[in-house]
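The values are calculated or read from the model by the stated rules, or taken from the named source; none is laboratory data. A quick note: this is a predicted structure, and the numbers were derived from the prediction, not measured. Every residue, glycine among them, receives a Cβ derived from its backbone with ideal geometry; neighbour counts consider all protein chains shown. All accessible areas refer to the heavy atoms of the entire protein, side chains included, with ligands and DNA or RNA removed. Shrake-Rupley method; radii C 1.70, N 1.55, O 1.52, S 1.80 Å.
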Amino acid sequence: MSVAIRGDIIHFTANPFTTNEEQSLQIFESGMLIIEEGRIRQVGFASDLEHLLPPDNVVHDYSGHLILPGFIDTHLHYPQTDVIASYGKQLLEWLQTYTFPCEGRFDDPEYAENVADFFLDELLRNGTTTAQVMSTSHQQSAELFFQKSLARNLRMITGKTMMDRNAPDYLLDTPDSGYEQSLELIERWHGRNRLSYAVSPRFAVTSGEEQLKRTAELMEFRPGLYLQTHLSENRDEIKLVAELFPWSKNYLDVYDHFGLVRERATFAHSIHLPEENYRLLSEKDAAISFCPTSNLFIGSGLFDFDSTIRHNVSLGMGTDIGGGTSFSMLKTLGEAYKVLQLREQTLSPLKAFYLVTLGGAEALCLDDKIGSFQPGKEADFVVLNTNATPLIQRRMEMSDSLIDKLFILMTMGDDRSIEATFIMGNRQYEKTS
Ligand code: GUN
Ligand code: ZN
């Protein structure tokens with residue numbers, strides 16, 4: 001059976017960082033998406049396509065609303081849902097005071113299940129349809145997350161966090177147990193339905209040399225495995241890594257030494273980097289996740305967007321829940337804009353929306369499957385209300401260009417702007433009231 005969606009459709013067909021921005025996207029005002037068996041069959045103007053619809057076709061009419069590919073969050077922690085808004089600490093103390101104790105609760109499967117359900121519902125309420133997610137060091141935390149994602153038919157990436165030192169005993173694994181448990185999860189979940197596994201050493205502070213070595217071995221186990229970790233987020237963290245690995249030239253060199261700087265590896269934060277690190281990340285096709293609400297909230301620093309782009313490093317956006325303060329990719333883009341303002345850099349609305357759709361898909365090597373409405377791709381998309389509040393409506397009335405509207409949305413919008421979220425052509429979230 002086919003499904004058709006009406007609305008003002010926007011998607012990227014090229015990279016606005018390397019082509020003329022306004023030629024990087026297609027806009028179909030009064031457009032139509034036709035979906036068959038969960039995949040895009042056609043996209044265009046409704047007037048051109050409606051005569052093609054079979055009589056039993058289901059039509060969702062979102063005329064007057066914007067329709068974009070589902071948002072992609074390249075870095076966040078589902079077990080930190082209850083850590084959001086924890087007061088007064090910077091990274092290392094924040095981890096010890098709030099985050100590790102909260103992650104410790106994931107030895108209780110009932111709590112883990114409750115959080116996983118809430119978290120996935122919250123992603124959909126915010127229009128996020130794909131995410132690269134850290135679980136805890138408990139094998140069952142990743143197991144449950146995969147189960148819940150499978151039940152919702154979501155394209156998700158996660159992995160059991162590996163950490164064998166410098167954290168409370170109740171969270172520590174060992175190089176052997178971290179390896180074995182990761183392997184079991186890879187065998188059970190990697191490539192099943194829409195799910196992929198990310199080998200997940202937490203960061204160089206909590207993984208010793210043996211664990212980092214085993215991380216590289218795990219990456220060879222199956223094609224298409226991801227690697228997710230943290231890099232150069234906070235000055236004290238960077239100092240500690242230099243003490244823990246006295247032979248290293250810099251923080252990224254630790255990961256590189258063990259062969260972890262590679263395609264499908266995402267380095268969250270990457271704020272305080274020497275120039276040569278951008279070159280290495282670019283050469284090795286690794287990606288950075290820029291997490292502005294977290295970087296501001298934990299006081300980590302101002303991300304150097306221009307250096308990242310100048311070196312052609314693959315880049316996605318991340319909420320970094322619960323260092324980050326919002327599940328909303330709209331809010332995340334709005335905060336990214338402010339971070340860049342403080343560096344006298346800028347983020348145009350088209351580049352911003354590219355980063356949370358096709359750009360995010362490219363950063364995760366998923367651009368053959370999601371991120372745009374190219375026929376054949378999976379039909380995950382979001383319906384945006386451009387008049388979600390009286391103030392936004394008032395401001396929108398003064399705008400006569402689509403680009404301006406997108407900028408207003410990223411500056412003022414949040415979960416209230418999300419009218420509906422579709423997964424493989426099925427509506428899985430619909431705003432009430
Ligand atoms: N570095 C290592 N672990 C974490 C984490 O959980 N959150 C953030 N923001 N940084 C980290
Ligand atoms: Zn993180």
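List of remarks:
- Against the numbered list (1) within 16 Å of ligand 2 (Cβ to nearest atom); (2) in a helix (DSSP H, G or I), Leu150 comes up short only at (1).
- Qualifying residue in the stretch 32-53 (condition: at pLDDT 95 or above, open to solvent by less than 20 Å² (accessible area, probe 1.4 Å) and farther than 22 Å from Asp380 by Cα): no
- Restricting attention to the stretch 259-295 and to residues that are touching a residue at least 40 places away in the same chain (Cβ under 8 Å) and surrounded by fewer than 19 Cβ atoms within 10 Å (Cβ to Cβ), the residue that is farthest from Ile157 (Cα to Cα) turns out to be Gly259.
- All positions within the stretch 315-349 that are of a type in the set (Val, Ile, Thr) and surrounded by fewer than 21 Cβ atoms within 10 Å (Cβ to Cβ): Thr325, Thr346
Rundown of residues vs (1) of a type in the set (Phe, Trp, Tyr); (2) in contact with a helix residue (DSSP H, G or I) (Cβ under 6 Å, 6 or more places away or on another chain); (3) touching a residue at least 12 places away in the same chain (Cβ under 8 Å), yes/no style:
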site: Gly88; (1), (2), (3): no, no, no
site: Glu93; (1), (2), (3): no, no, no
site: Phe106; (1), (2), (3): yes, yes, yes
site: Asn153; (1), (2), (3): no, no, yes
site: Lys160; (1), (2), (3): no, yes, yes
site: Tyr170; (1), (2), (3): yes, yes, yes
site: Pro175; (1), (2), (3): no, yes, yes
site: Glu180; (1), (2), (3): no, no, no
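- Residue within the stretch 112-127 that is touching a residue at least 12 places away in the same chain (Cβ under 8 Å), of a type in the set (Asp, Glu) and closer than 22 Å to Leu296 by Cβ present: yes
- Within the stretch 297-312, the set of residues being hydrophobic (A, V, I, L, M, F, W, C), open to solvent by 10 Å² or more (accessible area, probe 1.4 Å) and away from ligand 1 (no atom under 12 Å from the Cβ) comprises Leu302, Ile309.
- Any chance Gly316 is part of a strand (DSSP E or B) and under 20 Å from the mean Cα position of the chain (by Cα): yes
- Residues that are open to solvent by less than 60 Å² (accessible area, probe 1.4 Å) and out of contact with any Lys or Arg (no Cβ under 8 Å at 6 or more places or on another chain) number at least 2 in the following strands (runs of 3 or more DSSP E) confined to the stretch 378-433: 381-384.
- Taking residues in the stretch 197-224 that are farther than 11 Å from Tyr255 by Cα and among the hydroxyl-bearing types (Ser, Thr, Tyr), and partners anywhere that are at pLDDT 95 or above and in a helix (DSSP H, G or I), the pairs with Cβ atoms closer than 6 Å and at least 6 places apart or on different chains are Tyr197/Ile186; Tyr197/Trp189.
- You will find that of Leu195, Leu171, Leu227, the residue that is open to solvent by less than 10 Å² (accessible area, probe 1.4 Å), more than 24 Å from the chain's Cα centre (by Cα) and on the phi < 0 side of the Ramachandran plot is Leu171 and no other.
- Screening the stretch 200-310 for strands (runs of 3 or more DSSP E) wholly inside it with 3 or more residues that are within 14 Å of ligand 2 (Cβ to nearest atom), closer than 24 Å to Lys338 by Cα and at pLDDT 95 or above returns the ranges 265-269, 287-290.
- Test: residue in the stretch 9-24 that is part of a strand (DSSP E or B) and touching a Pro at 6+ places or on another chain (Cβ under 6 Å): yes
- Note on the stretch 69-108: residues that are open to solvent by less than 60 Å² (accessible area, probe 1.4 Å), more than 15 Å from ligand 2 (Cβ to nearest atom) and not in a loop (DSSP other than H, G, I, E, B) amount to 6.
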